[in-house]
Number of protein chains: 2
Amino acid sequence: MTNVSAGTLRRRPAQRRSVERVERMLDECARLLDEVGYDGLTTKEVARRAGVPIGTFYQFFPDKQGLVRALALRNLDAFLDRLTARLGSAEITDWTDAVDLAVDEFVAMKRTIPGFAIVDFGEILPSPGAPPLKGTNRLLDAALENNVIVADRLRALTIDLLGAPRGPGLDRALIVAVEAADAVLKLAFRAHPDGDPDLITECKKLVRRYLADHLPER
Amino acid sequence: MTNVSAGTLRRRPAQRRSVERVERMLDECARLLDEVGYDGLTTKEVARRAGVPIGTFYQFFPDKQGLVRALALRNLDAFLDRLTARLGSAEITDWTDAVDLAVDEFVAMKRTIPGFAIVDFGEILPSPGAPPLKGTNRLLDAALENNVIVADRLRALTIDLLGAPRGPGLDRALIVAVEAADAVLKLAFRAHPDGDPDLITECKKLVRRYLADHLPER
DNA sequence: CCGGCATATGAGTAGACCTCATGTTAAGCG
DNA sequence: CGCTTAACATGAGGTCTACTCATATGCCGG
């Protein structure tokens, strides 16, 4: 299971007080993202609101990107956990239902979880042990990187719950599907604060049509 | 036809020398993007390489984003012009061929045009007269905004050349298709410097499958 | 009570974006 | 041609942000 401290923190908080401080900083980061966006977010303000000196901020987070990455991973975990639970419990007879469920759950969290609407999966996140890859924009690289994590866990779900045929074809298809869905959902939330319903529908259609080649026929 | 000076420049260069200066700044911007990426690009360095004082830079470009936006629009124009030419001249009997052609042309330009590989359509570009929309990341907003422009021109092409049924359904479908394709192609170029061939194939499949509902059956 | 080690702190550094007062050139006009 | 006026060009410097590091503070075994 992914974890906030996996490659994003400079030092793992040991004492109870430190853990709470890191948690508070992440919470304030989420709220600030909703208020002023990534560009407007400053590490100083995050620290101030969390009641933490700036030096302590940098004890735990390597930089601004690391902070947002940590938040995104926390949100990502929450999303995948909830999705796993719902896929396991509900009566999913059809993989197309699973697609709808995943999209709906994602949309629901975008609406309700602070910081999720803006950051969601990727947007930020430089890869943890990434090659220095000059000539790139870290924001977008990160988005891609993160969707690979989602695809990984979705693959596990897909194989376990739906009995899909394992293999590189499926892996690639899932990554492509997540990437495409992510892009369309971003568009949906750009068009409408709660996500344009038509675009959400189109997102489901897009994914279902594409996956029809890679998954057993209902 | 879109134009670099459409909403991206602070003042349109009138004299011949000024036009050349703006052109040189855009060229250097492209080269620098390939070398150091968006995060590493500085307005100072662009100006220095173009042999232009920093003050003059800001006479023409409102800010760093404006510079990159102008470059992206220039590239976008080039892409759409070439696509229009190829769609008009070639023997396109089938809209699925048109999809392949568009993707191939895009990939070809990503490989060869400086600054295209990194910036391509969007990535940067805040909308020209955009609402101030707090709480967002300007980079990603811009990418979306720009793909709408692409979709607009693709729609014109689609209707004129392929006789597709006009309407909001098609508009939305094209925007979704461009958004999704853009995302998958970014992934393809992240995975491989010249674009992972498998992912490029998947991109075509994704778009074709999705559009099958919206365009007349070959 | 105390030495030594881990942790906490915030003034300070480096550097980026962008401005604006000043200098320079061109244009309009009698 | 000289004068007035406006447009354009310039780069030192203001402001702000990410991030550091020397110092202060607390913690703990002896």
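Within the bounds of the stretch A:74-92, is there any residue that is within 16 Å of DNA strand C (Cβ to nearest atom), touching a residue at least 12 places away in the same chain (Cβ under 8 Å) and either touching an Asp or Glu at 6+ places or on another chain (Cβ under 8 Å) or assigned to a helix (DSSP H, G or I) (or both)?
no
Select, from B:Val22, B:Val68, the only residue that is in a helix (DSSP H, G or I), modelled with pLDDT under 95, farther than 21 Å from B:Phe106 by Cβ and among the aliphatic types (A, V, I, L, M). Before you say what the answer is, go through the steps one by one.
Details: B:Val68 fails: farther than 21 Å from B:Phe106 by Cβ.
Only one candidate passes the filter, namely B:Val22.
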| Would the stretch B:32-41 turn up any residue that is within 30 Å of B:Asp100 (Cα to Cα), within 14 Å of chain A (Cβ to nearest Cβ), β-branched (Val, Ile, Thr) and within 14 Å of DNA strand C (Cβ to nearest atom)? | no
| query | So how many residues does the stretch A:51-72 have that are closer than 14 Å to A:Arg17 by Cα and among the hydroxyl-bearing types (Ser, Thr, Tyr)? | reply | 1
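Checking the structure you have, find out if any residue of the stretch A:159-168 is closer than 19 Å to B:Ala181 by Cα, within 11 Å of another protein chain (Cβ to nearest Cβ) and either crowded, with 17+ Cβ neighbours inside 10 Å or at pLDDT below 85 (or both). Give the derivation first.
Within the stretch A:159-168, the subset closer than 19 Å to B:Ala181 by Cα is none.
Checked the stretch A:159-168: no residue is closer than 19 Å to B:Ala181 by Cα, within 11 Å of another protein chain (Cβ to nearest Cβ) and either crowded, with 17+ Cβ neighbours inside 10 Å or at pLDDT below 85 (or both).
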| Does B:Asp34 satisfy being within 15 Å of DNA strand D (Cβ to nearest atom), closer than 27 Å to A:Gln65 by Cα and assigned to a helix (DSSP H, G or I)? | no
| message | Yes or no: the stretch B:72-79 includes at least one residue that is surrounded by fewer than 17 Cβ atoms within 10 Å (Cβ to Cβ), modelled with pLDDT of 85 or more and under 16 Å from the mean Cα position of the chain (by Cα). | response | yes
| note | Quick count over the stretch B:42-70, residues being surrounded by 18 or more Cβ atoms within 10 Å (Cβ to Cβ), more than 9 Å from DNA strand C (Cβ to nearest atom) and under 15 Å from B:Gly115 (Cβ atoms), is 4
| message | Tell me whether the stretch B:84-106 contains one or more residues that are at pLDDT 85 or above, crowded, with 16+ Cβ neighbours inside 10 Å and within 16 Å of DNA strand D (Cβ to nearest atom). | response | no
| Extreme residue, farthest from DNA strand D (Cβ to nearest atom), among residues of the stretch A:39-65 that are hydroxyl-bearing (Ser, Thr, Tyr) and assigned to a helix (DSSP H, G or I) | A:Thr56
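Does A:Glu20 satisfy the criteria of being away from DNA strand C (no atom under 16 Å from the Cβ) and over 20 Å from the mean Cα position of the chain (by Cα)? Spell out the reasoning first.
Values: away from DNA strand C (no atom under 16 Å from the Cβ): no; over 20 Å from the mean Cα position of the chain (by Cα): yes.
Against the criterion (away from DNA strand C (no atom under 16 Å from the Cβ) and over 20 Å from the mean Cα position of the chain (by Cα)), A:Glu20 does not qualify.
The values are calculated or read from the model by the stated rules, or taken from the named source; none is laboratory data. Note that this is a predicted model, so its numbers are computed, not measured. Reconstructed Cβ throughout: ideal geometry from the backbone, glycine too, with neighbour counts over all protein chains shown.
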